[in-house]
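*Asks:* Below is the structure I would like to discuss, written out as structure tokens.
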């Protein structure tokens, strides 16, 4: 039923009948998912071509593409390939192009909504996961069967270490501190505590 259909047709059909979402999520992403992604990202040429091919207005086409991506590609539990809109055997260059167009659409400078930032994080996570799986499978294919891929060094966050330096306090005999900033700070603390 849904195999071999164009992504744009599926997006328009989902906009007309939202109940088809479950059936669409059960099938792999169409091979031409980039068309829907480019329309959502605001590519004028792709939108013009889609309007000409379908006879549907530009706002309706764009809204249908956004709905399709939200409901099908970014559905809860979608794997990294579904989020990127590619098949699991897609080359890295195709994944990169899909990720670039998705980030063009979801970038905070373009869209200021909260859901866009959540989807942008999912796209970046999917890009890393798909890249890791591709990298591991390509290393195993080159090294041969039974070989163990090399371990990746984990990046541990290291927080900067600040060395604390004791500042000189005011001398006993004098009323002012040696550092003017320290003196102002001590005076403000004393005033807040009501000691002066």
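*Asks:* Of the numbered conditions (1) at pLDDT 90 or above; (2) within 19 Å of residue 117 (Cα to Cα), residue 76 fails exactly one; give the number of that condition.
*Replies:* Result: residue 76 fails condition (1) only.
*Asks:* Would you call residue 38 surrounded by 15 or more Cβ atoms within 10 Å (Cβ to Cβ), over 15 Å from the mean Cα position of the chain (by Cα) and touching a residue at least 40 places away in the same chain (Cβ under 8 Å)?
*Replies:* So residue 38 passes the test.
*Asks:* Can you confirm whether segment 41-58 contains a residue that is closer than 22 Å to residue 125 by Cα and surrounded by 19 or more Cβ atoms within 10 Å (Cβ to Cβ)?
*Replies:* There is at least one residue in segment 41-58 that is closer than 22 Å to residue 125 by Cα and surrounded by 19 or more Cβ atoms within 10 Å (Cβ to Cβ).
The values are calculated or read from the model by the stated rules, or taken from the named source; none is laboratory data. The model shown is predicted, which means the values in this text are computed figures rather than measured ones. For neighbour counting, all protein chains shown are included, and Cβ atoms are generated from backbone atoms with ideal geometry for every residue, glycine included.
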